[in-house]
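Participant: Before I ask anything, here is the structure I am working with.
The values are calculated or read from the model by the stated rules, or taken from the named source; none is laboratory data. Bear in mind that the values here come from a model prediction, so they are computed numbers and not experimental data. Ideal geometry is used to build each Cβ from the backbone, glycine not excepted, and the neighbour counts take in all protein chains shown. What goes into the accessible areas is simple: the full protein's heavy atoms, side chains included, and nothing from ligands, DNA or RNA. Shrake-Rupley method; radii C 1.70, N 1.55, O 1.52, S 1.80 Å.
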Amino acid sequence: QLPRTGDFFLGVGSRPQDDIREYFQGKLSSPLVIGQTYCGEFWTSWAADNSDRITQGLGIAFWESALDTSVNTILTSNPQVYSLDFIEDSTIWVKVSQTFIADKAYTHLIVGHVGPENTPSAFIFKKFFGTTPGCLNRGAYYFIDDVSVVPYVSPNLSIQLSTDTACANMPFTLTASG
């Protein structure tokens with residue numbers, strides 16, 4: 001797999017049989033503003049050659065400080081950006097994107113298998129692909145690229161209908177501008 005853009009990408013994995021999950025963290029260029037709406041986004045691709053399972057719950061969780069990387073534990077978080085889809089495409093990059101309102105002045109983000117309600121019982125694996133030689137019990141592994149968090153700007157659209165009433169099976173014209 002080639003990077004989506006640039007020269008590099010990161011990878012995160014998880015193994016249900018060991019309750020192992022990998023994450024990476026980064027510092028934001030400035031703290032999030034409480035009450036501001038943001039768009040969090042990343043691109044992912046399933047690493048089929050390194051996996052025998054797929055999973056849900058890839059996402060971004062925000063924190064008010066850096067996490068202690070010497071702690072070997074599963075993060076419990078309510079991520080602001082996550083996918084409930086089982087991403088199993090290994091040939092293209094799949095976008096995971098979500099808007100959220102900052103409830104704290106977060107300074108750091110964590111990307112990986114983060115939830116929602118990130119507990120072992122809520123973390124679901126699907127589809128066993130145990131036929132690849134040397135791939136048995138590897139768990140789920142995903143590549144991550146182009147992580148971004150930017151203020152969300154709502155489009156300024158006005159919508160006009162050609163009639164005052166829109167009924168089922170009756171044509172009407174919808175015009176949007178902005």
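Participant: Restricting attention to the alpha-carbon atoms of region 1-75, what are Rg (one decimal) and Dmax (integer), both in Å?
Facilitator: Reported Rg and Dmax, both Å: 14.9, 42.
Participant: What does the charge count near residue 42 come to, summing +1 for each Lys or Arg and -1 for each Asp or Glu among other residues with Cβ under 12 Å from its Cβ? Display every interim value, and only then the final one.
Facilitator: Numbers: positive: 4, 95; negative: 41, 145, 146.
Within the 12 Å Cβ shell, the charges total -1.
Participant: Ok, one more. Order the following by accessible area, largest value first: 108, 113. Probe radius 1.4 Å; ligands, DNA and RNA are ignored.
Facilitator: Ranking 108, 113 by accessible area, largest first, yields 108, 113.
Participant: With every protein chain kept in the model, how would you rank 84, 2 by accessible area, 1.4 Å probe, largest at the top? Write down the numbers at each step before the final one.
Facilitator: Values: 84 100, 2 135 Å².
Ranked list, largest accessible area first: 2, 84.
Participant: Output needed: percent of Cα pairs per 10 Å distance bin for region 48-90, bins running from 0 to the one holding the longest distance.
Facilitator: Values per bin, smallest distances first: 22, 40, 33, 5.
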